[in-house]
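No lab work stands behind these numbers, since they all come straight from the coordinates. A quick note: this is a predicted structure, and the numbers were derived from the prediction, not measured. Positions of Cβ are generated from backbone atoms using ideal geometry, with glycine treated the same way; all protein chains shown enter the neighbour counts.
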DNA sequence: GAGGGGCGACCGATCGTTCGGTCGGCCGTT
DNA sequence: AACGGCCGACCGAACGATCGGTCGCCCCTC
C-alpha cells in the first residue's frame, strides 16, 4: 500500500501518505541523486506533496536518512544472528553469510545502497559507519578463524581476504535490480568467493 | 613544485598556488566530505586562500571535478592501451589488466575514488559515467572472449563475472592507502580473482 | 467540533559565483 | 640605478538562488 490517491471531482483530495511510503520515495531519490544533492523540495515533488507536508511526517532530512540506515543495518545484523551464521565450521558459516548477505542486498537494495555510500558528514552517518565497521569486523574475525582452523589455503592473508570479500559482495548493489528475485545469484556469488570469479578450467 | 611560499621577514607573502596543487587539495576534500557536500569555502579554507582567489585558478567547482575525473579515466584507459592488455591469451590479458588496474587505483587513489563515486548529477559526471561504462564494457568483452576460448570454467556467466570482477578490483579504493607503494597487492588481488578470495586448502 | 493532513508564505543561512580593487615582483626603457 | 607599466596572485564584499526548516490557516473526515 503506497501512494493511494483518492479522487473527488477530478482533483486529488487524499494522498494517504504514511512514513513508510514517504521513506521509500525519499530513499529512491537519495539513490539517483545522492543524499547531499537531494533537496527537501526534490523529495516533496517526488512524493506529490509540499515540503511542509513532508515535515508533518518526518522531523527532517537527516531523520529520513537515519531511518533508511537503520533498516539496512538491521537487515545485515540479522544475518549474523541467524542459525547458519552461528553453527558449523567457519567456512560453512562464511558461505552462509555470503549467500544471505546477497539476499539482503537485493531485498533491501535501496536502503543498503544508501548505507554503503555514507561518508560520515552527520552524526547519523558516523553512527552508521561505526556499525558497518562492526559488521565487517565480525566477518573478518570469522575469516581469520577459518584460516587458523586450516580450512583455507595458507597463503591467504585474513585481513586482505575479508576486505576483498566485503568489496565483492557489496558491489552487487551497483547493478542489481530490486524487483526480480535473487534467483541463483547468492550461490553464484558464493562460488565466485570460494572458487574464483574467473576460475580456470578443471 | 607545489605550494611554494616565499617568506619576507617571517611572514608568508606568497602562496604561489598552481592548478595542480589546488586540484590536489580539492580532491582530498571531495574524498572526505563528498563532492556535493563540499563547499567552495571548504576548498579555499583547505587551500589557505579565499574563495575568490580560487576562482582565479579554476573556472568553478565543476571544473575541478572534471579535471579529477579526466585524470582518473586517463589512468584507466592507459591500461587498455598497454602492451600486456593487447597481446597474449584472453586470460593472460585479463590478469595483466587486473594487476595494472590495482596499481592505477593506488597510484591515482583520490582521483579514481572520486570517479567511482560519481552519480551523474552534472554534465561532467554523466560524461564520466559513460566513459566508465565503456571501460567496463571493454573488460567484459575480454571476459566473454576468455570463456568462449575455453580458458575458463564453462559454468561461469561472462556478464556476471565481469561485474563481480569490476566490483572486487574497484573496492580496493575503499581501504587502500595512497602513500605506500602497492607492493604485493596487485598479485594478491589477481590471485583472489582467478583462484578465489577464500580458496580451499589444496 | 475536534483533529490530522495538507497548503502557501516565509525565515535565516549558506550556496556557487562575480566584481572592483590591492599588492608585489618582473621587464624594458632611460 | 631608477623608473613606469604591466601582470599574476590575491582579497573583501556582495550578488541572486537555493538550502533545510517553521508558521498559521484551511479543509476534509469522523
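Using the Cα coordinates of segment A:136-179, the gyration tensor eigenvalues translate into equivalent-ellipsoid semi-axes of 25, 10, 9 Å, sorted from longest to shortest. With R₀ set to 30 Å, the beta-carbon distance separating residue B:134 from residue B:55 gives a calculated FRET efficiency near 0.40. Exposure proxy shown here: for B:49, A:197, B:97, the number of other Cβ atoms within 10 Å sets the order, fewest to most, as B:49, B:97, A:197.
Could you work out the relative contact order of chain B, using alpha carbon pairs under 8 angstrom and six or more residues apart, expressed as a whole percent? Write down the numbers at each step before the final one.
Values: 195 pairs, mean separation 37.2, N = 202.
That works out to 18 percent.
Shape summary: the protein assembly as shown maps onto an equivalent ellipsoid whose semi-axes, from the alpha-carbon gyration tensor, are 35, 33, 21 Å in decreasing order. Here's the picture: a label point sits 7 Å out from the Cα of residue B:70 along the beta-carbon direction, and within segment B:91-131 the residues with their amide nitrogen under 16 Å of it are B:111-112, B:115, B:123-129, B:131. Each label was represented as a point 7 Å from its Cα along the Cα-to-Cβ direction; for residue B:39 and residue A:78 these points are 4.0 nm apart. Among B:96, A:56, sorting on how many other beta-carbon atoms sit within 10 Å of each Cβ, with the fewest leading, yields A:56, B:96. The Cα-based radius of gyration of segment A:39-92, divided by its Kirkwood radius, gives an Rg/Rh of 1.33. Note on residue A:87 and residue A:177: the extension gain reaches 29.3 nm, defined as 0.36 nm multiplied by sequence separation minus the Cα-Cα distance.
Segment A:49-194: percent of C-alpha pairs farther apart than 26 Å? For segment A:49-194, the share of Cα pairs beyond 26 Å comes to 30 percent. If R0 is 22 Å, the Cβ-Cβ spacing of residue B:184 and residue A:141 corresponds to a FRET efficiency of close to 0.40.
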